[in-house]
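This report concerns only the one structure given below.
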Amino acid sequence: LEKESKKNNVVINGLKMTTNEPLVLKEHIKDFIKENLNIDTTPKSVTKIGEKTCVISLENEKEKNDIMANKSKLRYMSEDRIFISEDMTFKEREKQKKMRLVAKTEKEKGNTVKIGYDKIIINGEEWRWNKITESIVKQTSKN
């Protein structure tokens, strides 16, 4: 249920917000998305959850997918480092944290590492997240 309620949400980190007023935040986010991502959207709601972090609820999944597809445009902004990610449950955030830690450790060892959804590829070998053990396990070939 929690995951279903978050399916049309995105989280923006690094964006300075000077107010807690919902209508002002909503306008600020709408203008930010229009100006930087070239997407004309009106968020259903905007909730400030930190100094530079907010959760945006969008009308539908198409709007969310448009934002996620265009978030790479933020890379070229000069002033701040702003990131857009999917709104995740606590368990999903913990899983991602563990996977990033494994990836960081492997990179420090000199291995080539790519992170995907529920998987890490280390030197061409695929490792997947095991829900039961809550750890990364090496995938065996299915031949």
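The values are calculated or read from the model by the stated rules, or taken from the named source; none is laboratory data. Fair warning: this is a prediction, and the values are worked out from it, not measured in the lab. Note that each Cβ is placed from the backbone with ideal geometry, even for glycine, and that neighbours are counted across all protein chains shown. Heads up: the accessible areas ignore ligands, DNA and RNA and are worked out on the full protein's heavy atoms, side chains in. Shrake-Rupley method; radii C 1.70, N 1.55, O 1.52, S 1.80 Å.
Which residues, taken from segment 112-128, are surrounded by 14 or more Cβ atoms within 10 Å (Cβ to Cβ) and either in a loop (DSSP other than H, G, I, E, B) or in contact with a His (Cβ under 6 Å, 6 or more places away or on another chain) (or both)?
If the condition is that a residue be surrounded by 14 or more Cβ atoms within 10 Å (Cβ to Cβ) and either in a loop (DSSP other than H, G, I, E, B) or in contact with a His (Cβ under 6 Å, 6 or more places away or on another chain) (or both), then ASP118 is the only one that fits.
Any idea which residue in segment 72-98 is most open to solvent (accessible area, probe 1.4 Å), counting only those that are of a type in the set (A, V, I, L, M, F, W, C) and in a helix (DSSP H, G or I)? Don't jump to the end; show me each part of the working.
Initial filter on segment 72-98 (of a type in the set (A, V, I, L, M, F, W, C)): 74, 77, 82-84, 88, 90.
Okay, now just the ones that are also in a helix (DSSP H, G or I), so 74, 90.
Details: LEU74: 8, PHE90: 122 Å².
Per the criteria, the residue is PHE90.
For residues that are touching a residue at least 24 places away in the same chain (Cβ under 8 Å), surrounded by 15 or more Cβ atoms within 10 Å (Cβ to Cβ) and assigned to a helix (DSSP H, G or I), tally how many sit in segment 29-67.
Number of matching residues: 8.
Mind checking which pairs have a first residue in segment 1-28 that is touching a residue at least 60 places away in the same chain (Cβ under 8 Å) and a second that is open to solvent by 100 Å² or more (accessible area, probe 1.4 Å) and not in a loop (DSSP other than H, G, I, E, B), Cβ under 6 Å, 6 or more apart or different chains?
Short answer, once both residue conditions are applied: ASN13/PHE83; GLY14/PHE83.
Can you tell me which residue in segment 2-28 is least open to solvent (accessible area, probe 1.4 Å), limited to those that are farther than 28 Å from LYS91 by Cα and not in a helix (DSSP H, G or I)?
That would be THR19.
Consider ILE136 carefully, then state whether it is under 26 Å from LYS3 (Cα atoms), in a strand (DSSP E or B), among the β-branched types (Val, Ile, Thr) and in contact (Cβ under 8 Å) with a residue 60 or more places away in the chain. Give the steps one after another, and end with the answer.
Numbers: under 26 Å from LYS3 (Cα atoms): yes; in a strand (DSSP E or B): yes; among the β-branched types (Val, Ile, Thr): yes; in contact (Cβ under 8 Å) with a residue 60 or more places away in the chain: no.
No: the conditions fail for ILE136.
Run LYS131 past the list (1) surrounded by 12 or more Cβ atoms within 10 Å (Cβ to Cβ); (2) under 21 Å from LEU1 (Cβ atoms) and report the number of the one that doesn't hold.
Here LYS131 meets the rest and fails (1).
If you scan segment 7-28, which residues turn out to be within 13 Å of LYS44 (Cβ to Cβ) and out of contact with any helix residue (DSSP H, G or I) (no Cβ under 8 Å at 6 or more places or on another chain)? Spell out how you get there, then give the answer.
Residues of segment 7-28 within 13 Å of LYS44 (Cβ to Cβ): 7-10, 22-23, 25-26.
If the condition is that a residue be within 13 Å of LYS44 (Cβ to Cβ) and out of contact with any helix residue (DSSP H, G or I) (no Cβ under 8 Å at 6 or more places or on another chain), then PRO22, LEU23, LEU25, LYS26 are the ones that fit.
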